[in-house]
Amino acid sequence: MVPIVMLRATLVLMVMLTELYAKESTQDFISKYNKYNTVCRGMGYERKSCKGRFHGAIAFHARTSSVLQNLGSYAAVVFGKVTLNSGSAYNGKTGIFTAPTDGIYSFTWTILTTDGSYFNTEIVINGNLVGYNYADGKTGSSHHESSSATAVIRMKKKDRVWIRTHDKEGKYAYPIWSSFSGFQL
(Lines give C-alpha, C1' and ligand atoms only; values in the text may rest on other atoms or scores of the structure.)
Protein backbone atom coordinates (compact mmCIF):
# COMPACT_ATOMS: atom_id res chain seq x y z
CA MET A 1 0.00 0.00 0.00
CA VAL A 2 1.27 3.46 -0.96
CA PRO A 3 1.48 5.91 1.93
CA ILE A 4 -0.94 8.83 1.66
CA VAL A 5 1.90 11.36 1.93
CA MET A 6 3.58 9.89 -1.15
CA LEU A 7 0.28 9.89 -3.06
CA ARG A 8 -0.35 13.54 -2.17
CA ALA A 9 3.20 14.52 -3.19
CA THR A 10 2.73 12.78 -6.55
CA LEU A 11 -0.59 14.56 -7.15
CA VAL A 12 0.91 17.96 -6.25
CA LEU A 13 3.84 17.33 -8.60
CA MET A 14 1.44 16.35 -11.42
CA VAL A 15 -0.64 19.53 -10.90
CA MET A 16 2.49 21.69 -10.90
CA LEU A 17 3.77 20.13 -14.12
CA THR A 18 0.35 20.46 -15.76
CA GLU A 19 0.19 24.16 -14.85
CA LEU A 20 3.75 24.73 -16.01
CA TYR A 21 3.04 23.30 -19.45
CA ALA A 22 -0.47 24.76 -19.67
CA LYS A 23 0.92 28.29 -19.25
CA GLU A 24 2.94 28.05 -22.46
CA SER A 25 2.12 31.16 -24.43
CA THR A 26 1.07 31.16 -28.06
CA GLN A 27 4.38 32.77 -28.93
CA ASP A 28 6.26 29.95 -27.16
CA PHE A 29 4.28 27.39 -29.13
CA ILE A 30 4.97 29.18 -32.46
CA SER A 31 8.66 29.45 -31.61
CA LYS A 32 8.90 25.71 -30.90
CA TYR A 33 6.91 24.93 -34.06
CA ASN A 34 9.25 27.03 -36.21
CA LYS A 35 12.33 25.34 -34.69
CA TYR A 36 10.88 21.88 -35.42
CA ASN A 37 10.05 22.92 -38.99
CA THR A 38 13.60 24.19 -39.54
CA VAL A 39 15.02 20.87 -38.34
CA CYS A 40 12.62 18.88 -40.53
CA ARG A 41 13.36 20.93 -43.67
CA GLY A 42 17.08 20.53 -42.95
CA MET A 43 16.53 16.75 -43.00
CA GLY A 44 14.88 16.97 -46.44
CA TYR A 45 11.19 16.95 -45.49
CA GLU A 46 9.00 19.30 -47.49
CA ARG A 47 6.19 21.47 -46.22
CA LYS A 48 2.69 20.16 -46.85
CA SER A 49 -0.64 21.79 -46.27
CA CYS A 50 -3.03 20.67 -43.58
CA LYS A 51 -4.93 18.67 -46.19
CA GLY A 52 -1.77 16.78 -47.13
CA ARG A 53 -1.58 18.33 -50.59
CA PHE A 54 1.78 19.69 -51.66
CA HIS A 55 1.47 23.20 -53.02
CA GLY A 56 3.60 23.48 -56.11
CA ALA A 57 3.48 19.86 -57.34
CA ILE A 58 5.72 19.24 -60.33
CA ALA A 59 4.27 16.86 -62.92
CA PHE A 60 3.73 16.77 -66.68
CA HIS A 61 2.31 14.57 -69.41
CA ALA A 62 2.68 15.13 -73.14
CA ARG A 63 2.22 13.13 -76.30
CA THR A 64 3.24 13.45 -79.90
CA SER A 65 0.89 15.59 -81.93
CA SER A 66 2.02 14.38 -85.36
CA VAL A 67 3.95 11.52 -86.95
CA LEU A 68 7.64 11.55 -86.09
CA GLN A 69 9.60 10.32 -89.05
CA ASN A 70 13.27 10.09 -90.08
CA LEU A 71 14.59 12.30 -87.30
CA GLY A 72 18.28 13.13 -87.40
CA SER A 73 21.03 11.66 -85.28
CA TYR A 74 20.42 12.29 -81.56
CA ALA A 75 17.53 14.63 -82.36
CA ALA A 76 15.26 15.75 -79.52
CA VAL A 77 11.88 14.05 -79.63
CA VAL A 78 9.24 16.72 -79.11
CA PHE A 79 6.05 15.59 -77.39
CA GLY A 80 4.12 18.72 -78.35
CA LYS A 81 0.59 17.95 -77.15
CA VAL A 82 0.89 18.85 -73.46
CA THR A 83 -2.07 17.62 -71.40
CA LEU A 84 -0.63 18.36 -67.93
CA ASN A 85 2.14 20.75 -66.92
CA SER A 86 1.89 21.43 -63.18
CA GLY A 87 4.85 23.60 -62.27
CA SER A 88 5.41 24.62 -65.93
CA ALA A 89 8.69 22.70 -66.09
CA TYR A 90 8.09 20.93 -69.44
CA ASN A 91 8.48 22.85 -72.70
CA GLY A 92 6.18 21.43 -75.39
CA LYS A 93 8.06 23.30 -78.14
CA THR A 94 11.51 21.90 -77.36
CA GLY A 95 10.59 18.64 -75.58
CA ILE A 96 12.83 19.57 -72.64
CA PHE A 97 11.97 19.28 -68.95
CA THR A 98 13.88 21.74 -66.71
CA ALA A 99 13.93 20.96 -62.98
CA PRO A 100 12.52 23.90 -61.02
CA THR A 101 13.93 22.49 -57.74
CA ASP A 102 16.49 19.95 -56.56
CA GLY A 103 15.01 16.50 -56.12
CA ILE A 104 14.41 13.02 -57.45
CA TYR A 105 12.20 12.79 -60.53
CA SER A 106 10.56 9.85 -62.28
CA PHE A 107 10.16 9.88 -66.08
CA THR A 108 8.33 7.43 -68.32
CA TRP A 109 8.06 7.46 -72.09
CA THR A 110 6.27 5.23 -74.57
CA ILE A 111 6.89 4.97 -78.29
CA LEU A 112 4.51 3.27 -80.75
CA THR A 113 5.82 2.23 -84.14
CA THR A 114 4.47 0.19 -87.03
CA ASP A 115 5.18 -3.06 -88.89
CA GLY A 116 8.67 -2.99 -90.40
CA SER A 117 9.70 0.22 -88.70
CA TYR A 118 11.49 1.24 -85.51
CA PHE A 119 11.94 4.28 -83.31
CA ASN A 120 14.70 3.86 -80.76
CA THR A 121 15.19 6.54 -78.14
CA GLU A 122 17.19 7.40 -75.05
CA ILE A 123 16.68 9.69 -72.09
CA VAL A 124 19.43 12.17 -71.23
CA ILE A 125 20.15 14.64 -68.45
CA ASN A 126 22.09 17.68 -69.63
CA GLY A 127 23.02 15.63 -72.72
CA ASN A 128 24.36 12.65 -70.73
CA LEU A 129 22.80 9.25 -71.41
CA VAL A 130 20.64 7.70 -68.67
CA GLY A 131 18.58 4.97 -70.38
CA TYR A 132 17.21 3.47 -73.62
CA ASN A 133 13.86 2.53 -75.15
CA TYR A 134 13.71 0.33 -78.27
CA ALA A 135 10.44 0.21 -80.22
CA ASP A 136 10.97 -2.21 -83.08
CA GLY A 137 8.08 -3.27 -85.33
CA LYS A 138 9.35 -6.53 -86.77
CA THR A 139 8.65 -6.92 -90.48
CA GLY A 140 5.68 -9.15 -91.10
CA SER A 141 4.17 -8.74 -87.65
CA SER A 142 1.17 -6.97 -89.25
CA HIS A 143 0.53 -4.84 -86.18
CA HIS A 144 1.99 -1.99 -84.21
CA GLU A 145 4.72 -2.39 -81.61
CA SER A 146 5.18 -0.23 -78.55
CA SER A 147 7.86 0.05 -75.94
CA SER A 148 7.96 1.92 -72.64
CA ALA A 149 10.80 2.79 -70.29
CA THR A 150 11.13 4.53 -66.94
CA ALA A 151 14.07 6.40 -65.46
CA VAL A 152 14.40 7.78 -61.94
CA ILE A 153 16.89 10.64 -61.91
CA ARG A 154 18.35 12.85 -59.17
CA MET A 155 18.31 16.42 -60.49
CA LYS A 156 19.57 19.79 -59.39
CA LYS A 157 17.62 22.97 -60.06
CA LYS A 158 17.91 23.92 -63.77
CA ASP A 159 19.13 20.45 -64.86
CA ARG A 160 17.47 19.46 -68.15
CA VAL A 161 16.05 16.10 -69.23
CA TRP A 162 14.74 15.13 -72.66
CA ILE A 163 14.16 12.18 -74.97
CA ARG A 164 16.26 11.96 -78.12
CA THR A 165 16.69 9.50 -80.95
CA HIS A 166 19.34 6.86 -80.46
CA ASP A 167 21.88 7.69 -83.18
CA LYS A 168 19.88 7.73 -86.46
CA GLU A 169 17.22 5.31 -85.28
CA GLY A 170 14.14 7.53 -85.32
CA LYS A 171 12.45 6.08 -88.39
CA TYR A 172 8.71 6.24 -87.52
CA ALA A 173 6.61 6.93 -84.42
CA TYR A 174 2.84 7.23 -84.29
CA PRO A 175 1.23 10.38 -83.01
CA ILE A 176 -1.07 10.43 -79.96
CA TRP A 177 0.03 7.00 -78.60
CA SER A 178 3.66 8.03 -78.10
CA SER A 179 4.02 9.94 -74.83
CA PHE A 180 6.41 11.36 -72.22
CA SER A 181 5.58 12.09 -68.59
CA GLY A 182 7.35 12.87 -65.36
CA PHE A 183 6.92 14.00 -61.80
CA GLN A 184 8.95 14.86 -58.73
CA LEU A 185 8.96 12.19 -56.05
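The values are calculated or read from the model by the stated rules, or taken from the named source; none is laboratory data. From a predicted model like this one, the values you see are computed outputs, not experimental measurements. The protein model used for the area step is the full one, side chains on, heavy atoms only, and it has no ligands, DNA or RNA in it. Shrake-Rupley method; radii C 1.70, N 1.55, O 1.52, S 1.80 Å.
For segment 57-153, the C-alpha radius of gyration divided by 2.2 N^0.38 Å, with N the number of residues, is 1.14. The share of accessible area on segment 79-143 that comes from carbon and sulfur is 52 percent, using a 1.4 angstrom probe.
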